[in-house]
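Asker: Next up is a structure, given as structure tokens.
The values are calculated or read from the model by the stated rules, or taken from the named source; none is laboratory data. The model shown is predicted, which means the values in this text are computed figures rather than measured ones. Cβ: placed from backbone, ideal geometry, glycine included. Neighbour counts: every protein chain shown. Ligands, DNA and RNA are excluded from the accessible area calculation, which covers all protein heavy atoms including side chains. Shrake-Rupley method; radii C 1.70, N 1.55, O 1.52, S 1.80 Å.
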Amino acid sequence: MELKNPLNYQEQIERLKTFHKLTINDEHEALTILQSINYYRLSGYGIGLTKFDNKDEYLENVSLKDLYDLYLFDSMLKSSLFHIIEQIEIGLRSKIAYCLAIRYGADGFYNIDNFTFKQNKSGKYIHSNIISKFNDEVNMNKHLPFVKHHIEKYDGKFPIWVAVELFSFGQLSYLYSIMKSKDKKSVAKQYECSPIDLESWIQCLVEIRNICAHYGRLYNLPLRHKPPLPSEYAQYQQTKQNKLFPVIVVLKLLLKSNNQWNEFFCFIKYLINKFNHVVNLGYNDFPSDWESILSSK
């Protein structure tokens, strides 16, 4: 099948109006939007806004400005999520590194015997893959002062509290997944949750973090991972698709409703109020009483 022919901006506007029945009240504004945001990206925010019997056409009165406002909402939400997940990730790095260092020594993380012998889908030990990825990071970051220092002074060996600074969040997730049961419990206890829950929560945050980092759409997006929630929140994960709200509950639980959480919660309320003319909270599985659920009180 042949690829579609490219359209100039004016042709795009015309097609949106006539073929997709998208409301465009101001063509100058539409041109500015399309010059700033690729329409293919904007079209993702139109999911759920098209006619039931003709997915090529938008519902009556849905406008290009509506799609743009949903994009802005999503962009601001992702920026806030990225920041708060960063704080959790840094905390996890510290707690995991401390546990492994105290239990097995500075370089004990190199020894597969200090972990469980789990294999990936390729049949390779996850620990071996983690060490291989870590060595790749060392080679790619030789210019960094702390990496150069450990290469020159310690023959390329790194203590775990330094090594974790070169781990991606995904690799950190894998590292926790192969820790021995007693070590997982030691870390999970600090979050007042079970090791099974914490492992799943970390996987969920890795997914969200990667979507944010790569400028993907998060609004109305089915997620791969569904986080287990404590019994008092279990009703908020009984949905057909995995959506964002249960992950936001996880953020509250991990942060224990501290000041970071309160700032994030206040921003979420501001953001939803600012874009309430276009945002459908149901698309992200927010229940009607979401404010009372997320409140730290």
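Asker: Identify, among ASN141, TYR154, PRO246, the residue whose Cα sits farthest towards the positive end of the charge dipole of the stretch 106-252, taking +1 on the Cβ of Lys and Arg and -1 on the Cβ of Asp and Glu, with the dipole about the Cα centre.
Answerer: Highest projection toward the positive end goes to PRO246.
Asker: Please compute the Kirkwood hydrodynamic radius of the stretch 59-144 from all pairs of different C-alpha atoms, in Å with one decimal.
Answerer: 17.1 Å
Asker: Then there is this: Quick one: Cα centre-to-centre distance for the stretch 83-97 and the stretch 119-151, in angstrom?
Answerer: That distance is 19 Å.
Asker: Evaluate the distance, in nm, between pseudo-label points positioned 7 Å from the Cα of SER128 and of LYS4 along their respective Cα→Cβ axes.
Answerer: 4.7 nm
Asker: Just to confirm a number: summing +1 for Lys and Arg and -1 for Asp and Glu over residues other than PHE115 whose beta-carbon lies under 10 angstrom from that of PHE115, what do you get?
Answerer: Residues close to PHE115 contribute a combined charge of 0.
Asker: I need the semi-axes of the equivalent ellipsoid of the stretch 168-221: take the C-alpha gyration tensor, multiply each eigenvalue by 5, square-root it, list largest first in whole angstrom.
Answerer: The three semi-axes for the stretch 168-221 are 25, 12, 7 Å.
Asker: Treating cross-link reach as a plain straight distance, find the aspartates and glutamates whose alpha-carbon is under 20 Å from the alpha-carbon of LYS148, omitting any fewer than eight places away in the same chain.
Answerer: Cα-Cα hits under 20 Å: ASP107, ASP136, GLU137, GLU165.
Asker: Roughly how many whole Å is it from the C-alpha centroid of the stretch 211-260 to that of the stretch 2-19?
Answerer: If we compute the Cα centre of each part, the gap is 37 Å.
Asker: For the chain, what does the helix formula give at 222 nm: sum of -39500 (n - 2.57) over DSSP H segments with n ≥ 4, over the residue count, nearest 500 deg cm²/dmol?
Answerer: Here the helix-only value at 222 nm equals -17500 deg cm²/dmol.
Asker: Still on this structure, please answer the following. So what does the Cα-only Debye profile of the stretch 103-261 read at q = 0.12, 0.14 Å⁻¹, as log10 I(q)/I(0), no solvent term?
Answerer: One equal scatterer on each Cα of the stretch 103-261 leads to -0.65, -0.86.
Asker: So, one more: Long-range amide H contacts for THR50: which residues qualify at under 5 Å (H placed 1.01 Å from N, peptide plane, sequence gap of 5 or more or a different chain)?
Answerer: Close amide H contacts, sequence-distant or interchain: LEU59.
Asker: Another question, if that's okay. How much accessible surface does PHE286 have with a 1.4 Å probe, in Å² rounded to 10?
Answerer: In the full protein context, PHE286 sits at about 30 Å².
Asker: Work out Dmax and Rg for the stretch 1-121 from the C-alpha atoms and quote the Rg first, both in angstrom.
Answerer: When restricted to Cα atoms, the stretch 1-121 yields Rg and Dmax of 24.4, 68 Å.
Asker: Could I ask something else about it? With +1 on the Cβ of every Lys and Arg and -1 on the Cβ of every Asp and Glu, and nothing else charged, how large is the dipole of the stretch 148-206 about its Cα centre, in debye rounded to the nearest 20?
Answerer: 200 debye
Asker: Then there is this: Mind listing the phi-derived Karplus ³J(HN,Hα) values for the stretch 252-268, rounded to whole Hz, using 6.51, -1.76 and 1.60 with θ = phi - 60°, and x for any glycine or proline?
Answerer: After applying 6.51 cos²θ - 1.76 cosθ + 1.60, I find 4, 5, 5, 8, 6, 6, 7, 4, 4, 5, 4, 5, 5, 4, 5, 5, 4 Hz.
Asker: Sequence gap of 8 or more, or different chains, plus Cα separation below 14 Å: how many lysine pairs satisfy both in the stretch 1-127?
Answerer: 4
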